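Below is one structure; the comments refer to it alone.
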Amino acid sequence: MNELVWTQASDGPAWMAGGDYMAVRRIRLRIEVWDRSTLGDQEATFGRYRDSGAPLGAKNEFDPAPLDAKGADGQPVIPMTSHVRLAHSDGKEKILRRSYSYSSGIDRQTGQLDAGLFFISYQRDLRKQFIPIQRRLAKQDKLNEYITHVGSAVFACFPGAREGGYIGQALFEG
């Protein structure tokens, strides 16, 4: 966590030491288009098996993605334009992240389902972690065919309060 999430005194403003930066995105999934895709295309798009969530070439959902594995045809088991491969890349830009499904009913303008993911990530440095990942995804991610980002925000999250102190004390009294 100290390496990837919590900011250090050397990273920037002293009041952020021990805090982190949170990125939040609301991502709409074009469910109707996605549902017409084949299982093989869906799995190649994400780089994961739909039934288990495991990375292609692995057994369990939380197994490491075998990015170097090749199939019998000599091609990568996890396609080069899959979400998993592009998000993990060389493994240098790691983030703590989680997505939550949302459904807001039917969009009155399009008649389509307004549903997708609410994505949240925490990282020590947005410029060195989050932004390089997002640039790769924006450029090559096969998932882009099925999604639209409809809202994004970033937040500086203060470190926790010490006993007898309060959130943001280092900023307000520093």
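The values are calculated or read from the model by the stated rules, or taken from the named source; none is laboratory data. Keep in mind the model is a prediction, meaning the values are calculated, not measured. When the accessible area is computed, the model is the full protein with side chains, heavy atoms only, and any ligands, DNA or RNA have been set aside. Shrake-Rupley method; radii C 1.70, N 1.55, O 1.52, S 1.80 Å.
Report, to the nearest whole %, how much of the accessible area of region 1-141 belongs to carbon and sulfur atoms, 1.4 Å probe, protein only. Provide the component values of the computation, followed by the final result.
Values: 4600 of 8720 Å².
The C+S portion of the solvent-accessible surface of region 1-141 is 53 percent.
Share of pairwise Cα-Cα distances greater than 21 Å in region 74-152 is 38 percent (whole percent). Taking all protein chains together and rolling a 1.4 Å probe, residue 68 ends up with roughly 140 Å² accessible. Protein heavy-atom accessible surface, 1.4 Å probe, per residue over region 2-135: 61 Å². Considering only 124, 50, 28, the mean-square fluctuation computed in a Gaussian network model of the chain, springs between alpha carbons under 10 angstrom, is largest for 50.
Helix 130-140 and the longest principal axis of the Cα set of the chain meet at an angle near 20°.
Shape analysis of the chain yields a ratio of the Cα radius of gyration to the Kirkwood radius, Rg/Rh, of 1.05.
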